[in-house]
Amino acid sequence: MCRRDRDSMELTQPSLEACAWRRAIKLRFKLSDPSHLPQVGFLHLLLTDPAPNPWLTLLAQKLRVLGLSITSPTEEFVPSQLAEILKKLKELDWASTVARARCTCSPLALGLPPPEKLFNFHTSLPIPSHRRAFLLARLNAFPTMVTLGRFRGIPYSDRLCTCNTGAIETLDHLVFHCSHWIQDREAYIVPVLTKLNLASHPWVLQLLLCDTNADESITTNVARFLAKVAASKKKKTNIINS
């Protein structure tokens, strides 16, 4: 559940439930107009049946939740109310998605804000390995010892970096401090920090992963650095396992 909601949040997509309700509500409003009512067929019989209609009753309950005052399931609606109802549906669905997306492998775990629109890096990073590395970092799933230790059952205090400084290998440590990546950091991260006139504080990592900067070269540089680190780590793992 969390993974699905996290992906929906990251891609700013509505849930399947919200899509279904949206279609049902739009149909209900359409059928409120007498000119759209069918004069023959099953739907005509369904809508003119005097017996209680569970579909209309369920829709009426949902519309009440969305703030529409309804006295009868068969009540006619004003078309101008539709936009406000759909807006409310979208807001409630988004709030529910964000609440359910609060898990370990989620941007929220890093303190990143929920996106307001689809991020540019999905199209601005043409190389798949760069997009993947940047996305893994955003999802708090980049292959650090902190991440791998979660799956291997390693105590947090023992998830140390191989740079022999005694530091826990967090993403912040890899990006700003680890001695293994000095050259790559000088090539990709330092120019970004210089351009933004920032130092290497923990909140700076959040800023670099937000992909909200007007300058796309910032995200590109961060993605290149992360891709190089990920490729090197994968190569070392393959050598160890061979």
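The values are calculated or read from the model by the stated rules, or taken from the named source; none is laboratory data. Please read all numbers here as calculations on a predicted model, not as lab measurements. A quick note on method: Cβ atoms are made from the backbone with ideal geometry, for glycine too, and the neighbour counts reach across all protein chains shown. To get the accessible areas, we keep the full protein, side chains included, count just its heavy atoms, and leave off ligands, DNA and RNA. Shrake-Rupley method; radii C 1.70, N 1.55, O 1.52, S 1.80 Å.
Within the chain, which complete DSSP H helices have Cα atoms spanning at least 27 Å along the helix axis and a mean Kyte-Doolittle hydropathy of 1.0 or higher?
Qualifying helices, which must be both long enough and hydrophobic enough, do not occur.
At 222 nm, what helix-only mean residue ellipticity would the chain give, in deg cm²/dmol to the nearest 500, using -39500 (n - 2.57) for each DSSP H run of four or more?
About -17000 deg cm²/dmol.
Go ahead and set up a Gaussian network model of the chain, Cα springs under 10 Å, then flag whichever of LEU139, LEU125, LEU63 fluctuates most.
LEU63
Rank THR162, PHE151, ILE182 by how far each Cα sits towards the positive end of the charge dipole of the range 129-242 (+1 on Lys, Arg Cβ; -1 on Asp, Glu Cβ) and give me just the farthest.
With unit charges placed on the Cβ atoms, the residue in question is PHE151.
Rounded to the nearest 0.05, what FRET efficiency do HIS177 and VAL65 have when you use their Cβ-Cβ distance and R0 = 41 Å?
Working from the Cβ atoms, E equals 0.25.
Given charges of +1 on the Cβ of Lys and Arg and -1 on the Cβ of Asp and Glu, with all other atoms neutral, how large is the dipole of the range 135-239 about its Cα centre, in debye to the nearest 20?
Taking the Cα centre of the range 135-239 as origin, the dipole is about 440 debye.
Using Cα pairs under 8 angstrom and six or more residues apart, how large is the relative contact order of the chain, in percent?
19 percent
Can you classify the range 120-195 as rounded, prolate or oblate using the Cα gyration tensor, where a ≥ b ≥ c are the square roots of its eigenvalues, rounded means a/c under 1.5, and otherwise it's prolate if a/b beats b/c and oblate if not?
In terms of gyration-tensor shape, oblate.
Taking amide H positions as placed 1.01 Å from N in the peptide plane, with prolines and chain starts having none, which residues 5 or more places from LEU160, or on another chain, fall under 5 Å of its amide H?
GLU169
Measuring with a 1.4 Å probe in the full set of protein chains, what accessible area per residue, in whole Å², belongs to the chain?
On a per-residue basis, the chain sits at 59 Å².
What's the FRET efficiency of LEU196 with SER157 using the Cβ-Cβ distance as r and R₀ = 41 Å, to the nearest 0.05?
Plugging the Cβ-Cβ distance into 1/(1 + (r/R0)^6) gives 0.80.
Place +1 on the Cβ of every Lys and Arg and -1 on the Cβ of every Asp and Glu in the chain, take the dipole about the Cα centre, and give the residue among LEU56, LEU89, GLN13 whose Cα lies farthest towards its positive end.
Farthest along the dipole direction, towards plus: GLN13.
State the percentage of accessible surface on the chain attributable to carbon and sulfur atoms; use a 1.4 Å probe and exclude ligands, DNA and RNA.
Carbon with sulfur: 58 percent of the solvent-accessible area.
May I ask you to derive the relative contact order of the range 51-187, considering only C-alpha pairs under 8 Å and at least 6 residues apart, and to give it as an integer percent?
12 percent
For mean projected area of the Cα convex hull in nm², several values are listed as [x] 19.3; [y] 11.9; [z] 12.8; flag the one computed from this structure.
Label of the calculated value: [x].
Using the Cα centre of the chain as the reference point, and only Cβ charges (+1 on K/R, -1 on D/E), how large is the resulting charge dipole? Debye, rounded to the nearest 20.
Dipole of the chain, to the nearest 20 debye: 720 debye.
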